[in-house]
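Colleague: Structure below; questions to follow.
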Amino acid sequence: MSLCPRQRCQTALSRLALLGLLALSGCTSIGDFGRLQPGLVSDDIHDWVGKDAALHAGAPVSTDNLTDDERTLRDLAFPLIEPPYDRQRWNAAVYEYGIDRSFRRELWIEDPTAYYRHLQANYHRSSAGRYSELMDDIRNDIVRIGPFVVTARRVVDFDRRREAALQSIADLSPAERHNAEARVGENSLTIAWVQHSLTERCAGYRLALEHLAVAEPDAEAGDVDRVLTQLQQEIAADGLVSEPHFAAAPVTAATPVLR
């Protein structure tokens, strides 16, 4: 459904206001490891992550407030689903805040050649620069996985308790039961989205490394291969949920509630 003129105007004004703030704060929103600068961070900045994961799987969306762990889960999930080459874009803050859905739609496009094209397009004085950028992106993902998995395990544990409580509490209203079950689904789908994204990202890294090794052979290729293998092993070891089928585009939330 297209936006009415008033909604388009409000969206444009929101974007301009945020970009104006960035201009005053130094023209960039990105800090260490691709995170927003502290002054720009607000609660629920990534609450759309769980909602989008549910919508793309055709699942319902909960209206309950996020717990602290659920909010952290979404905060830690975003840089693991955002393409690594998008982190320094001029419009990265608009992207991260989720003001414009056309930005987020790109997160669902799977193209294993995209990372290599980015690597080739970036200016580097030598081949070592491209290998170094690839190595840095892989290592950054390895650093991010640990905190995400720790939080995800806590969320999964509390969701199991929540499901047990749903079975034992008889006087819950249909809305309470629906929202609780939908939130369990959102959390599970958020974790699955990260797992799915990391698997696809590794495929992009592997393709880039293989093509780079042919186009610009360098001794660093072996080091990159070892770090990439470590990332793939960590992803395989940290699987917390089974991966659902994600739709190619957002769909209307389904009536059945996830369990």
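Colleague: Mind checking which pairs have a first residue in the stretch 108-134 that is more than 26 Å from V49 (Cβ to Cβ) and a second that is acidic (D, E) and surrounded by 14 or more Cβ atoms within 10 Å (Cβ to Cβ), Cβ under 6 Å, 6 or more apart or different chains?
Modeller: The qualifying pairs are S127/E216; S127/D218; Y131/D218; Y131/E220.
Colleague: Output the number of residues of the stretch 79-129 satisfying the condition of being at pLDDT 85 or above and loosely packed, with under 15 Cβ neighbours inside 10 Å.
Modeller: Summing the residues that are at pLDDT 85 or above and loosely packed, with under 15 Cβ neighbours inside 10 Å in the stretch 79-129 gives 5.
Colleague: More than 25 Å from E234 (Cα to Cα), among the charged types (D, E, K, R) and at pLDDT below 90, is that true of R35?
Modeller: no
Colleague: Within the stretch 185-216, restricting attention to residues that are surrounded by fewer than 22 Cβ atoms within 10 Å (Cβ to Cβ) and of a type in the set (V, I, T), which residue is nearest to K51 (Cα to Cα)?
Modeller: T199
Colleague: Within the stretch 153-172, count every residue that is more than 24 Å from I191 (Cα to Cα) and either surrounded by 11 or more Cβ atoms within 10 Å (Cβ to Cβ) or modelled with pLDDT of 95 or more (or both).
Modeller: Here the count works out to 2.
The values are calculated or read from the model by the stated rules, or taken from the named source; none is laboratory data. Model, not experiment: these values are computed from the prediction. Note that each Cβ is placed from the backbone with ideal geometry, even for glycine, and that neighbours are counted across all protein chains shown.
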